[in-house]
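Notes to accompany the following structure.
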Amino acid sequence: MFRILVADDEEGIRESLNLILCEEYNLAFAINGQDTLDKLSAEKFDLVLLDIKMPKMDGLEVMKRMREQGMTVPVLILTAYQSVELAKEAIKLGAQSYLPKPFEREQILNEVRNTLKRDGVAL
Amino acid sequence: MTLLDHYRLSLLLTTAISITLGCWVLTRRRKSKAVRIFFIYIVGLGYWSFMQAMASFTDDPRIALAWVRAMFYAVITFPLLLTYFFSAFLEIPRPKICIFGWLLVLGFLPILSTDLFLQQGDSLGFLSTMPRAGTLFLPFNVVWIVWFLYDIWLLGARSRALPSIKRRQAYLLLSVFILGYITGCTNYLYMHGICIIPLQPLATYGVPVAVLMIAYGIFAYGLFDMNVVIRRSLVYSILVTLLTVCYFGLVYGVERLFQTTFGYQSIHVSLAAFALMALIFQPLKIGIQRVVDWLFFRAPQEVMIKRLERLEEETRQMERLKAVAILAAGMAHEIKNPLSSIKTFASYMEEKYDDAQFRQKFTKVMQQETDKINALVRRMLDFAKPSQPKLQQVQLSKLIDETVDLLHGTMLNKHLQIVKAYSTNDEVFADPVQIKQVFLNILINSVEAMDQRGCITISTVADNGHLEILMADTGPGIPKQDLPRLFDPFFTTKAQGTGLGLSIVHSIVKEHGGRIIVDSDVGKGTTVRIQLPAYHG
């Protein structure tokens with residue numbers, strides 16, 4: 001079973017993603033930017049669902065640090081900001097895709113499946 | 001008074017009122033282009049009337065001719081100046097036809113001092129001497145009048161499309177200039193050998209009346225964007241000018257009466273008349289000011305204060321709503337998070353209804369997320385709705401956090417970082433909504449000034465009975481010359497700014513017994529320091 005790290009400071013979002021993904025994937029949760037980096041350094045993940053707006057360190061900063069540390073795990077960005085600039089920046093930093101909030105469960109499932117497939121993680 | 005006296009009085013009255021009004025308007029609105037052109041125009045008008053009056057004082061036809069010729073060097077430019085004035089008033093580019101106008105002026109200039117234009121004349125009607133028209137005087141009159149009609153068309157054709165206040169001002173200007181030119185033009189008739197008694201000398205009174213109508217326009221329609229305080233001083237200035245003219249008129253009248261009764265002049269009578277007028281001048285001025293106050297500015301002081309307070313509150317409310325509009329984008333983001341959770345859980349409701357664990361989580365999430373939305377909306381409403389100032393014990397760090405939360409979305413969009421360092425005891429006695437408005441206005445300025453990836457540092461320091469809040473940004477900074485004007489109402493460097501935000505900040509901080517200092521320099525960022533009295537139980 002693939003291991004996915006869900007990084008969002010909002011408990012409701014973590015609970016929602018857990019509800020959508022828990023049957024197909026093995027999930028772990030991070031509550032801020034630093035926590036995300038710590039968890040990524042501690043164990044191996046197949047995918048990260050990363051929120052942009054988080055306290056202490058935002059999602060874009062997390063992605064930059066990941067690149068600096070040579071982490072190549074695929075990232076799906078979650079955000080309530082529908083800003084083209086932000087999307088461009090996230091893709092530039094290596095994000096696979098960009099999911100706007102509020103999201104549909106099917107949209108999440110499809111994106112996760114496609115990303116895992118595209119990156120050759122899934123069979 | 002003889003007709004000649006009426007003629008001179010109407011002209012000298014025009015000189016006095018024109019120069020007074022011109023200087024008065026210029027000193028109050030020097031930066032306005034329309035005012036600067038108006039000043040040149042009206043001073044030119046004063047010059048015209050003075051020269052015309054001077055020509056009537058002499059019995060020597062050569063001297064009269066010299067005065068009148070000198071006068072026409074100003075008169076020749078009047079319709080062209082009027083084109084400039086109307087264009088500035090309408091805020092439209094100067095018409096290209098002005099170049100042609102200048103060519104006409106240059107064309108007539110060389111002949112102004114020749115007999116082709118005006119020649120030495122003799123007595124006419126009540127005037128002992130008056131120059132006569134040369135061959136080119138009539139063509140000049142025609143060109144001059146046609147150009148004036150073009151000016152009237154220029155303003156008249158565009159008046160209808162103007163906003164209501166400006167339209168009224170335009171109609172007033174049209175009436176003023178039509179009256180002024182028609183009555184002023186009767187002076188041309190003398191040079192053509194026409195003197196219709198008593199129409200002509202009395203018609204010249206139309207010019208000072210027209211000038212007074214402009215003063216009325218400033219007073220009643222806010223012409224040249226003059227405010228009520230400035231307008232009041234205008235009424236006084238005009239009254240003092242009129243009184244001064246009447247004063248000299250009366251002294252002159254007493255002298256004349258004495259001379260016609262006793263057949264000789266007496267220096268004692270003149271001095272007595274001066275002394276008498278000087279004695280009654282001041283009380284009369286004060287009395288007239290009182291009557292003016294009562295007639296036009298009747299509202300008692302309390303009513304005025306209340307009006308001012310209401311106006312200030314309305315201004316604050318307007319700025320608050322402007323801030324709310326800026327915050328709306330960020331708030332939409334905050335609401336989307338709880339909405340995502342509610343939507344996801346609702347979509348599983350049907351299939352997982354029998355799962356007790358799901359139902360338990362569902363209830364928890366629904367409550368938690370709707371509470372969040374509720375809190376967000378309440379926070380926004382607290383800020384947006386007008387409220388009576390309510391002083392209470394408040395924790396500054398809490399107010400700062402709430403304000404920063406409101407701006408979170410906007411800051412995130414620009415990747416701005418925020419660093420906070422609070423003093424352990426940061427309680428003040430203040431109105432939380434007003435203080436939040438202070439923080440918000442300062443933070444919005446910082447956020448708007450900074451490019452991507454700037455940093456805002458907020459700290460509170462307790463110091464000697466005061467609490468100091470420091471808000472420092474890494475923005476472009478403020479030029480030294482702008483610093484003293486930062487808190488002036490309507491001072492702004494932003495294209496869309498009202499210039500009221502920091503002025504409101506200043507008045508709120510002052511009302512709370514505090515003070516605000518801005519340290520900044522170009523390229524070095526800006527630090528705003530607010531000191532408020534600390535709360536001592």
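Brief remarks follow.
- As a size descriptor, the averaged projected area of the C-alpha convex hull of the protein assembly as shown was calculated at 44.7 nm².
- Of the residues A:Asn32, A:Asn18, A:Asn110, the one that moves most in a GNM of chain A with alpha-carbon contacts below 10 Å is A:Asn110.
- Cleavage-rule hits (GluC sites (Glu not before Pro)) in the stretch B:327-372: DSSP loop, at most 10 neighbouring Cβ within 10 angstrom: B:Glu350, B:Glu351
- Of the residues B:Met366, B:Thr492, B:Ser56, the one whose Cα sits farthest toward the positive end of the charge dipole of the protein assembly as shown, with +1 on the Cβ of Lys and Arg and -1 on the Cβ of Asp and Glu, is B:Ser56.
- Most fluctuating residue given options A:Ala87, A:Ala30, A:Ala42, as computed from a GNM of chain A linking Cα atoms under 10 Å: A:Ala42
- Taking the C-alpha atoms of the stretch B:164-214, convex hull volume expressed per residue in Å³: 56
- Using equal-weight Cα scatterers in the Debye expression, the normalised intensity of the stretch B:1-46 in log10 at q = 0.15, 0.17, 0.20, 0.25 Å⁻¹ is -0.42, -0.50, -0.60, -0.77.
- Calculated on the Cα set of the stretch B:404-537, radius of gyration then Dmax: 14.5, 45 Å.
- Computed from Cα positions, the angle between helix B:267-296 and the longest principal axis of chain B comes to roughly 30 degrees.
- Summing Lys and Arg as +1 and Asp and Glu as -1 over all other residues whose Cβ lies under 14 Å from the Cβ of B:Tyr150 gives a net charge of +2.
- Considering only B:Leu81, B:Pro93, B:Leu109, and ranking their Cα positions along the charge dipole of the stretch B:54-141 that arises from unit charges at the beta-carbon of Lys, Arg, Asp and Glu, the one farthest toward the positive end is B:Pro93.
- For chain B, with +1 on Lys and Arg beta carbons and -1 on Asp and Glu, the positive-most of B:Ala278, B:His466, B:Leu189 along the dipole: B:Leu189
- Gyration tensor (Cα) of chain A, equivalent ellipsoid semi-axes in angstrom: 18, 17, 15
- Relative contact order of chain B, pairs being alpha-carbon contacts under 8 Å that are 6 or more residues apart, as %: 9
- Short-range pairs are left out: with C-alpha atoms under 8 Å and at least six residues apart, the relative contact order of the stretch B:360-461 is 36 percent.
- Dividing the C-alpha radius of gyration of the stretch B:403-445 by 2.2 N^0.38 Å, with N its residue count, gives 1.31.
- Between helix B:356-384 and chain B: long-axis angle, C-alpha atoms, 0 to 90°, nearest 10: 20
- Helix-only [θ]222 nm of chain B, DSSP H runs n ≥ 4, -39500 (n - 2.57) each, per residue, nearest 500: -23000 deg cm²/dmol
- Distance histogram for the stretch B:100-241 (every C-alpha pair counted, 10 angstrom bins, percent rounded to whole numbers): 10, 28, 30, 22, 9, 0
- Whole-number percent relative contact order across chain A, with pairs defined as alpha carbons under 8 Å at least 6 apart: 22
- The stretch B:430-529: trypsin sites (Lys or Arg not before Pro) in DSSP coil with no more than 12 other Cβ atoms inside 10 Å: B:Arg453, B:Lys494
- Using alpha carbons only: equivalent-ellipsoid semi-axes of the stretch B:31-177, gyration tensor based, whole Å: 33, 17, 13
- Within a straight-line Cα-Cα reach of under 17 Å, B:Lys361 can be paired with the following aspartates and glutamates, leaving aside sequence neighbours fewer than 8 residues apart in one chain: A:Glu10, A:Glu11, A:Glu15, A:Glu23, B:Glu350, B:Glu351, B:Glu369, B:Asp371.
- Counting only residues at least eight positions apart within a chain, or on another chain, the lysines with an alpha carbon under 18 Å from that of B:Lys322 are B:Lys385, B:Lys436, B:Lys494.
- Under the convention that each Lys and Arg Cβ holds +1 and each Asp and Glu Cβ holds -1, the size of the dipole of the protein assembly as shown around its Cα centre is about 2040 debye.
- Longest to shortest principal axis, alpha-carbon extents of chain B, angstrom: 118, 55, 44
- Shielding by other protein chains, B:338-349, mean Cβ within 10 Å: 6
- Against chain B, whose longest principal axis comes from its Cα atoms, helix B:78-90 is set at around 20 degrees.
- Chain A: calculated mean residue ellipticity at 222 nm from DSSP helix runs of at least 4, using -39500 (n - 2.57): -13000 deg cm²/dmol
- Under a model in which nothing but the beta-carbon of Lys, Arg (+1) and Asp, Glu (-1) is charged, the stretch B:1-137 shows a dipole of about 860 debye around its Cα centre.
- Neighbour cut-off at most 11 other Cβ (10 Å), DSSP loop, chymotrypsin sites (Phe, Trp or Tyr not before Pro), the stretch A:1-81: none
- Evaluated with a Cβ-only charge set (Lys, Arg +1; Asp, Glu -1), chain A carries a dipole of roughly 440 debye about its Cα centre, given to the nearest 20.
FYI, it's all coordinate maths here, none of it is from the lab. Computed from a predicted model, the values in this text were never measured in an experiment. Because the Cβ atoms are built from the backbone with ideal geometry, glycine has one as well, and the counts that use them run over all protein chains shown.
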